[in-house]
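Working notes, beginning with the structure itself.
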Amino acid sequence: QVQLVESGGGLVQAGGPLRLSCAASGRTFSMYAMGWFRQCPGKEREFVGAISWTGRGTYYADSVKGRFTISRDNTKKTVYLELNSLKPEDTAVYFCAASRQFPSAQTGYDYWGQGTQVTVSS
């Protein structure tokens, strides 16, 4: 069982940076690949990016590639999402999720956090 809690969301101006954190409980955090998803207003939840168990592998949605970076610290049981060059269309609730695989599909994730709101003002 893994419980996930996101933090770090808030209001930020366009172009600015923000860092989200996702803290996990449980002893097996390093056995899970971690993903970030977001749900923009009026839209379905979508994949943002994912990081492998060791952190050596990452991949991203085209919409955030080059602007967002995922990292993890297994000693702290935390995964991070660095958001840079933010745009108003990045406004969304951001979720982290854990998977024993390394998928982009939401159905591949077993555990989810509650989400944290990011609002980008123009």
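The values are calculated or read from the model by the stated rules, or taken from the named source; none is laboratory data. These numbers were taken from a predicted model, which means no experiment stands behind them. Don't worry about glycine lacking a Cβ; one is built from the backbone with ideal geometry, like all the others, and counts go over all protein chains shown. Quick note on the areas: whole protein, heavy atoms, side chains included, nothing else; ligands and nucleic acids left out. Shrake-Rupley method; radii C 1.70, N 1.55, O 1.52, S 1.80 Å.
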Inset, instruction - Lys and Arg at +1, Asp and Glu at -1: add these up for the other residues within a Cβ distance under 12 Å of Met31 and post the number. - result: +2
Inset, instruction - Pull out the extension gain between Ala61 and Ser121, defined as 0.36 nm times the separation in residues minus the alpha carbon to alpha carbon distance; nm, one decimal. - result: 19.4 nm
Legend entry - Lysine-lysine proximity count for the chain, Cα under 28 Å, sequence distance 8 or more or distinct chains: 5
Legend entry - GNM flexibility winner over the chain from Cys96, Cys22, Cys40 (Cα, springs under 10 Å): Cys40
Inset, instruction - Take every DSSP beta bridge whose two residues both sit in the chain, then give the antiparallel share in percent to the nearest 5. - result: 90
Inset, instruction - Write out the GluC sites (Glu not before Pro) in the range 24-122 meeting two conditions: DSSP loop, and at most 13 other Cβ atoms within 10 Å of their Cβ. - result: Glu44
Legend entry - Where trypsin sites (Lys or Arg not before Pro) fall in DSSP loop in the range 1-99, at most 13 other Cβ within 10 Å: Arg27, Lys43, Arg56, Lys65, Lys76
Inset, instruction - Keeping the other protein chains in place, figure out the carbon and sulfur percent of the accessible area of the range 45-102, with a 1.4 Å probe. - result: 47
Inset, instruction - Provide the per residue accessible area, probe 1.4 Å, for the chain, rounded to a whole number of square angstrom. - result: 51
Inset, instruction - Determine the sum of side-chain charges near Asn84: Lys and Arg each +1, Asp and Glu each -1, restricted to other residues whose C-beta is under 11 angstrom from that of Asn84. - result: +1
Legend entry - the range 1-96 - Rg and Dmax from Cα coordinates, angstrom: 13.0, 38
